[in-house]
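This report refers to the structure that appears directly beneath it.
The values are calculated or read from the model by the stated rules, or taken from the named source; none is laboratory data. Source: prediction; values computed, not measured. Every residue, glycine among them, receives a Cβ derived from its backbone with ideal geometry; neighbour counts consider all protein chains shown.
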C-alpha cells in the first residue's frame, strides 16, 4: 500500500452536497459530477487502486469509501465527503472472467481492498490511503513458490514510528495477501527479474542500464499512471529506487 494524494474537492461535489445534504451515494452516482469525482480520484492516484496498487481496467473500477458511507453519526455525510472517497478496484468481486488468465472466483478468501473491508469502521486501526508516509517505505515482500506476499518492514516501521501490528492490520483488513493478488504480484516480479538478468548477462554497462530500467518501472507513464504494484517495484530496486524517488520529490 502506497501513499495516495488528494487534490482539492471538485466544486460540483461541494455544490451537490450543499444542495442535497442528506443525499445518498446511489443518488449521486446518477449525476455527471460522479464521473468528475471518479476521474479526479483516478488522476490523483496515478491510476492505481488505493489499496492493492493494481492498475484496474475500466470494468474493474469503483469509488470506495474508507469510512462506511452508511454511517449517519457525527454530522458528516460520509457518502459525499471528499476526503473519504478513493479510486479503487472492485476487489475481485466480479462474477465473470474480466481477465480469464488470472480469474479466481469471488469467494471470501479471494476478495480484497474495500470489498474485503466491507462496512467496518476501521478509522485509526489501519492506514487510510493518504496516511501512508512517502518515506520510508513501510512494506516489504516475501516470495513463495508462485506468490509474492506483502508484509510490514519492521526496520522502516520503527524509523517512521509506526507500530508493526498497525501495518499488519492494514494488510489483513484489506486482504492484500489473497492468492489473486499474490499471484499477480509474482507475475510482475518475474518480468522484472528476467529484465535484470538479461542486463547482467548481455550488457557491459549493466549498472547504468539498471538505473534506467528502474526509472522506467517507477516513473509515471505518459498518461499519468504509475505501474501496478508500485511499492513492490520500489522494494525490489532498493536503495537505487529510494534515491530516484527522493530526486523527483516523490510524495505519493
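Some values worked out for this structure:
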| item | result |
| --- | --- |
| Residue match in the stretch 185-196 (condition: in contact (Cβ under 8 Å) with a residue 60 or more places away in the chain and either buried (at least 17 other Cβ atoms within 10 Å of the Cβ) or under 19 Å from the mean Cα position of the chain (by Cα) (or both)) | yes |
| Given (1) modelled with pLDDT of 95 or more; (2) within 25 Å of residue 112 (Cβ to Cβ), index of the condition residue 56 fails | (1) |
| Residue in the stretch 226-235 that is farther than 19 Å from residue 56 by Cβ and touching a residue at least 24 places away in the same chain (Cβ under 8 Å) present | yes |
| Residue match in the stretch 163-174 (condition: assigned to a strand (DSSP E or B) and touching a strand residue (DSSP E or B) at 6+ places or on another chain (Cβ under 7 Å)) | no |
| Some residue of the stretch 243-251 being surrounded by 16 or more Cβ atoms within 10 Å (Cβ to Cβ), under 16 Å from the mean Cα position of the chain (by Cα) and closer than 16 Å to residue 135 by Cβ | yes |
| Count of the stretch 24-54 residues which are touching a helix residue (DSSP H, G or I) at 6+ places or on another chain (Cβ under 7 Å) and surrounded by fewer than 16 Cβ atoms within 10 Å (Cβ to Cβ) | 3 |
| Pairs with Cβ under 6 Å, 6+ apart, first in the stretch 28-42 and more than 14 Å from residue 84 (Cα to Cα), second modelled with pLDDT under 95 and part of a helix (DSSP H, G or I) | none |
| Tally, over the stretch 58-75, of residues that are within 14 Å of the chain's Cα centre (by Cα), in contact (Cβ under 8 Å) with a residue 40 or more places away in the chain and over 23 Å from residue 167 (Cβ atoms) | 1 |
| Members of the stretch 1-13 that are outside any loop (DSSP other than H, G, I, E, B) and without any contact (Cβ under 8 Å) to a residue 60 or more places away in the chain | 11, 12 |
| Odd one out for residue 100, checked against (1) under 23 Å from residue 151 (Cβ atoms); (2) at pLDDT below 95; (3) assigned to a loop (DSSP other than H, G, I, E, B) | (1) |
